[in-house]
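Structure record follows, encoded as C-alpha cells.
Read-outs throughout are calculated quantities, based only on the coordinates presented, and are distinct from any laboratory measurement. All figures in this text were calculated on a predicted structure; none of them were measured in a lab. Quick reminder, even Gly has a Cβ in these numbers, built from the backbone with ideal geometry, and neighbours come from all protein chains shown.
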Amino acid sequence: MSLKVVYLASNIESTDDFHLARLLILLKALSGRNNSAVDGIMKLAKLDFLLRYPSCLVRALRSLGKELQANEIDEIEQNTIEAKMIRFRFGPWDKRYRKWIALLVSKGLADTYLSGNTVKLKLTEKGLEVADSLCELEEFQDISKRSKLIKSAVGSYTGTKLKKFVYEVFPEIVQMKWGRSIDI
C-alpha cells in the first residue's frame with residue numbers, strides 16, 4: 001500500500017462531508033416511506049456502527065438468521081472499516097455525532113426535536129432530496145444497500161434493545177476500555 005493511499009484514507013476520515021453523506025443515507029433508510037424520525041442519537045450511533053463496520057453487520061445479520069442478507073455484502077466490503085468508533089459506556093460511539101447533527105440541521109438537511117428526554121432526528125425535504133441523490137451515486141451504493149439491510153434487520157429496535165443486541169453479538173466490545181478505538 002502506498003503512502004498516498006494511507007494519506008487519502010486519513011483525509012476522508014477527518015472530513016465531515018463523508019460522514020454527513022453516510023448519515024443522510026442511513027437516516028433516509030431508517031425513516032421509511034413516511035419519513036419518520038429516528039429516536040435518539042445513541043440509537044443512531046449503534047446503527048451507524050453496523051454501517052461503518054460491514055463485517056459486524058454480517059455477523060449481526062447471521063446472528064438473526066438472515067444468512068441471505070448477510071451474503072449480499074461483498075467479501076471485500078466486509079474487510080473494511082469505513083470509519084472507526086470508540087468504546088463508550090452505552091456502546092459504540094463517535095464524539096463527532098453532535099457536530100454532524102448540528103451541521104445537518106444548519107444546512108437545512110435535518111431537523112431535531114425533543115420528545116421527553118429523547119432527541120428525535122428527521123430529514124427535511126431538502127435532506128431527503130440530497131440523500132436520494134447520494135444513493136444514486138456509484139460511490140455510495142454499498143452504504144445505501146447496507147443501510148437498507150440495517151433498517152430491515154434492527155431498525156425497529158429501541159435504543160436499549162439495540163445496546164443489548166450489540167453487546168450480545170459482539171461481547172468483545174464489553175472487554176474493551178472506554179475511549180479506545182473499536183477494533184473488530
Residues 106, 144, 55 arranged by fewest to most Cβ contacts within 10 Å: 106, 55, 144
Binned Cα-Cα distance frequencies in segment 18-175 - 10 Å width, integer %: 11, 43, 37, 9, 0
Relative exposure of 138, 77, 72, judged by other C-beta atoms within 10 Å (fewest first): 138, 72, 77
Residue exposure sequence - 48, 16, 111 - by fewest surrounding Cβ within 10 Å: 16, 111, 48
